[in-house]
Amino acid sequence: MKYFEDEVHNGNWDEVEKYLSGFTKVDDNRYSMKIFFEIRKQKYLEALDKHDRSKAVDILVKDLKVFATFNEELFKEITQLLTLENFRENEQLSKYGDTKSARAIMLVELKKLIEANPLFRDKLQFPNLKNSRLRTLINQSLNWQHQLCKNPRPNPDIKTLFVDHTCGQPNGARAPSPANNPLLGSLPKAGGFPNLGAHGPFQPTPAPVPTPLAGWMSNPATVNHPAVSGGAIGLGAPSIPAALKHPRTPPTNATVEYPSGESDHVSKRTRPMGISDEVNLPVNVLPVTFPGHSHGQPFNAPDDLPKTVSRTLNQGSSPMSMDFHPVQQTILLVGTNVGDIGLWEVGSRERLVLKNFKVWDLSVCSMPLQAALVKDPGVSVNRVIWSPDGSLFGVAYSRHIVQIYSYHGNDDVRQHLEIDAHVGGVNDIAFSHPNKQPCVITCGDDKSIKVWDAATGAKQYTFEGHEAPVYSVCPHYKENIQFIFSTALDGKIKAWLYDNLGSRVDYDAPGRWCTTMAYSADGTRLFSCGTSKEGESFIVEWNESEGAVKRTYQGFRKRSLGVVQFDTTKNRFLAAGDDFSIKFWDMDNVQLLTTVDADGGLPASPRIRFNKDGTLLAVSSNENGIKVLANTDGIRLLRTFETLSYDASRTSEAVAKPTINPISAAAAAATSAGLADRGVSVVAIAGMNGDVRNLGDVKPRITEESNDKSKIWKLTEINEPSQCRSLRLPENLRVTKISRLIYTNSGNAVLALASNAIHLLWKWQRSDRNSSGKATASVSPQLWQPPSGILMTNDVSETSPEEAVPCFALSKNDSYVMSASGGKISLFNMMTFKTMTTFMPPPPAATFLAFHPQDNNIIAIGMDDSTIQIYNVRVDEVKSKLKGHSKRITGLAFSHALNVLVSSGADAQLCVWNSDGWEKQKARYLQLPAGRAPAQSDTRVQFHQDQAHFLVVHETQLAIYETTKLDCVKQWVPRESAPISHATFSCDSQLVYASFLDATVCVFSAANLRLRCRINPSAYLPASVSSSNVQPLVIAAHPQEPHQFAMGLSDGGVHVFEPLESEGKWGVPPPVENGSASSVPATPVGASGSDQAQR
């Protein structure tokens, strides 16, 4: 920076720009644009100040004209300065002093812009190198050389670094790996060198690294920097927005990710590109003032956090540990200080299960345990935890044993395994899947960690090496390396592979006493929370590659009263129970974000636990209570079950009345009555272990009222434009038909792909009539194009694009769209419409695209040759080719909860693939109605919000399938009507919107696929247009408004639909049949007679 500052002070503008050009170009990003603009503006003003008009004109034409495309008005105003005798007559430049002071002022602003510009990150000062860095690199090199030896010896004699090391001839059997050699450290896995990254629209994700030698088993560290505003180009003194001085993470957590100094240098090349996790895409988050570019908005983080007390439960004894079910996210498991286990349906406030501690089979327990229980029968729960699929849960007790239960839905909890695991207390328990075999990991007072087979209870490994009781375990995997972190009460952190070669690392945890560790949801960031014996608490983020603390979060009470518990959520927030409250941090900011006291009544260090989506937070409270905090999505989720519980209690009053004892009365209400009814009131589904359980993860915007039996239910028919709100979006481009349609994830735009390979983007702007700026049928949007006027047009093959099968997928933060229309796949920047790259030239041609939910480098690409290619964009490589279909792929959907990919094809077949190893798990053909030949018709799939069920759309039917068994649990078949053209879930999965080739649209209740509303063509098509000539081809649901959808037509039109504001929803749900409105019985396929007749 010193050289740069001197050149600016001296006014050597050519040298200043030349120096800058080594780092950035004028059009790289908004910061760069503003940097170059300020320099050239200063050069222009200095020429004017010297009355050198010819030089000023030269600068204007050569240097400043480039900015005219972005802000024409500004360029005109700059040009007009030529007409003034003294440019200070312009009001904005009236305070311009002499040249020296103007350069000094500009330099201050330039430095701020440079510091904020991501392209300069980590380039402004020489990196700090640790003293051990060179040794680490040498060790890595020697390790690698030794691993390539044909005859490796256990203790190689290395005398020089000038030539590559090789061991001498063998003198016997092959020696074991020098895993614990003091010089070499642990050996890396073969093939583990980091790939070189690439500059592209997506920052490369950290490359996989072998088990590091001086560090941890992990990827290189990444530093996440908050994205900040680039500000607007203006005439006056450069204004640095507040966002630069106080960076705040935008709502999408859109931080820009850069490899740290410890990772390999990133080489500049055009391909292959890398797509990092969506939250790291730097586009579309910078507030700017160019016309049509108003994407950014200030971020108010606490609004996204669960802070509203929505439920208060009384467990009966003090909660020690809690965990939400990973799929049914309103089911809460609780363990208490007297050994009780409670299972709650938080939405309906029902306690489904209460189990007091008892040893299942005392005869097989060790003598020390039997003696201890006789001496003192008091037992506490130290930890409860669900398995990743929710089919099992484990309980670690303060005496010797762990108990594993299997869960089958409702109150059906069965004993599965009891293990006498440790001498003394079992302090923690976790589930893991090394080698794809489910196992249970425990740790205890006997200073050991043990791994058990989750099916049989057989002991697989014992890890010894801690010198104090082991307090916690944290299993994890990166790439194909599975490992376990453990912490002990002496503050030591160790890491273990699933082998018998001992601990790989030995580090000290801040606090040096009770420490727990946790990864962010996406597995990329590691945190620990520890409390010292003196009560001092720490939450830190670790740099895994160095085994060093990367950042320490501030805001704890000086002396915590008790051991602080913490949790992570949404790859974005940390929370801890401290000082009679819950404290929240943004992961990228060490300062405390906010504190919530949950309306008071919390203990000094409350126990806390988020559900998987981060919409609910369970907090232990005084007097044996649990408070459940919720954000707006969580409140909506809870309301679903509140209503169901109310209905159940009304119908079950008679059952509960005969019971006299108040305790047994409560039990009866919670079991015989409430649960029996809940079993039919909630959607019955088959869970991960194949048993029927309840679907607990639905978020309706509007709670359905229970239907009064005295009223006769009638299907809502919409025939007139006055009966609903519909809007045909403006069009000025010639397109023949709309082939694909999607709302942006922000909900303020609709993107369509026409059959002629052109994309159309409609954006709604904030206005008096539309304060939210979200998509609505009440206000017309703008058909948006960038100032350059270019179109996003797909590469087309030699055949007509009209004959191709178009497909596209949108990145989570709306910055990029990946798209194909029979030719190569194109990656477009949604802000500039520029084509960032193209790949995968046909044949075969892509027919469906889907981003992997956890790794945006990975794309599933369905092909017209019936294969599915799993493609890594960053390394430009097909990782797997899945074969199972016989015709082209027409649908792909990922479930992040089940780690599966569901595919559908024109062969009317459904396949389920494991998204870890890409093995085919199940396949099934659609059950087509009798007499219907399996014509080559598109079959679409879309996951329900519960991630366990999916919607299947075929021209002959709508169906709901359970994923693990691939059972059809509900089917609706249209009779005597036009074929179905497309269908989709509403955003809360409560409704299904379906379009038909006779131009009607039907709205179904998703729980039972029963028709509730029909929109006839006369309600939205002009009288002059015949519904026989125009068909709806594709339908899309708004991402936040459950009652809004959009439809693309065969005449190139796009319509947005909403119910009348006075109605607020599409029709009324059909009445209860046989006592249940929402049961999804796995009955013989086919809808009821009344269902069929309605269509």
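See the values below:
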| quantity | calculated |
| --- | --- |
| Subset of the range 46-83 that is of a type in the set (Lys, Arg) and within 53 Å of the chain's Cα centre (by Cα) - its residue that is surrounded by the most Cβ atoms within 10 Å (Cβ to Cβ) | Lys65 |
| Residue satisfying condition, being within 26 Å of Lys550 (Cβ to Cβ) and open to solvent by 30 Å² or more (accessible area, probe 1.4 Å), within set Thr456, Thr516, Thr487, Thr462 | Thr516 |
| Residues that are on the phi > 0 side of the Ramachandran plot and either open to solvent by less than 10 Å² (accessible area, probe 1.4 Å) or without any contact (Cβ under 8 Å) to a residue 40 or more places away in the chain (or both), drawn from the range 401-441 | Gly409 |
| Candidates Ile429, Ile441, filtered to the one that is farther than 22 Å from Lys355 by Cα, at pLDDT 95 or above and out of contact with any His (no Cβ under 6 Å at 6 or more places or on another chain) | Ile441 |
| Residues (outside any loop (DSSP other than H, G, I, E, B), among the small types (Gly, Ala, Ser) and closer than 19 Å to Ser472 by Cα) located in the range 549-585 | Ala575, Ala576, Gly577 |
| Residue that is farthest from the chain's Cα centre (by Cα), among those in the range 799-814 that are open to solvent by less than 20 Å² (accessible area, probe 1.4 Å) and modelled with pLDDT of 85 or more | Pro806 |
| Selection within the range 379-429 - more than 22 Å from Lys447 (Cα to Cα) and part of a loop (DSSP other than H, G, I, E, B) | Ser387, Pro388, Asp389, Gly390, Ser391, His408, Gly409, Asn410, Asp411, Asp412 |
| Per-region count, the range 1-33, residues free of Cβ contacts under 8 Å to residues at least 12 places away in the same chain and buried (at least 19 other Cβ atoms within 10 Å of the Cβ) | 0 |
| Subset of the range 84-123 [open to solvent by 30 Å² or more (accessible area, probe 1.4 Å), under 19 Å from Lys43 (Cβ atoms) and polar (S, T, N, Q)] | Asn86, Gln92, Thr99, Ser101 |
| Per-region count, the range 882-910, residues in contact with a Gly (Cβ under 7 Å, 6 or more places away or on another chain) and either part of a strand (DSSP E or B) or among the hydrophobic types (A, V, I, L, M, F, W, C) (or both) | 5 |
| Residue list for the range 889-933, restricted to those being charged (D, E, K, R) and in contact with a helix residue (DSSP H, G or I) (Cβ under 8 Å, 6 or more places away or on another chain) | Asp916 |
| Selection count, the range 341-379, where residues are in contact with a Phe, Trp or Tyr (Cβ under 9 Å, 6 or more places away or on another chain) and open to solvent by less than 20 Å² (accessible area, probe 1.4 Å) | 9 |
| Some residue of the range 472-479 being out of contact with any Pro (no Cβ under 9 Å at 6 or more places or on another chain), open to solvent by less than 30 Å² (accessible area, probe 1.4 Å) and aliphatic (A, V, I, L, M) | yes |
| Residue in the range 865-873 that is surrounded by fewer than 22 Cβ atoms within 10 Å (Cβ to Cβ), at positive phi and either at pLDDT below 95 or not in a strand (DSSP E or B) (or both) present | yes |
| Residues being in a strand (DSSP E or B), farther than 14 Å from Cys439 by Cα and in contact with a strand residue (DSSP E or B) (Cβ under 9 Å, 6 or more places away or on another chain) - total across the range 478-496 | 10 |
| Filter result (more than 43 Å from the chain's Cα centre (by Cα), closer than 26 Å to Asp28 by Cα and not aliphatic (A, V, I, L, M)) within the range 84-117 | Arg103 |
| Filtered residues of the range 891-921 (kept if crowded, with 21+ Cβ neighbours inside 10 Å, in contact with a Cys (Cβ under 9 Å, 6 or more places away or on another chain) and over 18 Å from His944 (Cα atoms)) | Gly905 |
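The values are calculated or read from the model by the stated rules, or taken from the named source; none is laboratory data. On a predicted model such as this, the values are computed, not experimentally measured, just so you know. As a convention, Cβ positions derive from the backbone with ideal geometry for all residues, glycine included, and neighbour counts pool all protein chains shown. Side chains are part of the model used for accessible areas, which takes the heavy atoms of the whole protein and leaves out ligands, DNA and RNA. Shrake-Rupley method; radii C 1.70, N 1.55, O 1.52, S 1.80 Å.
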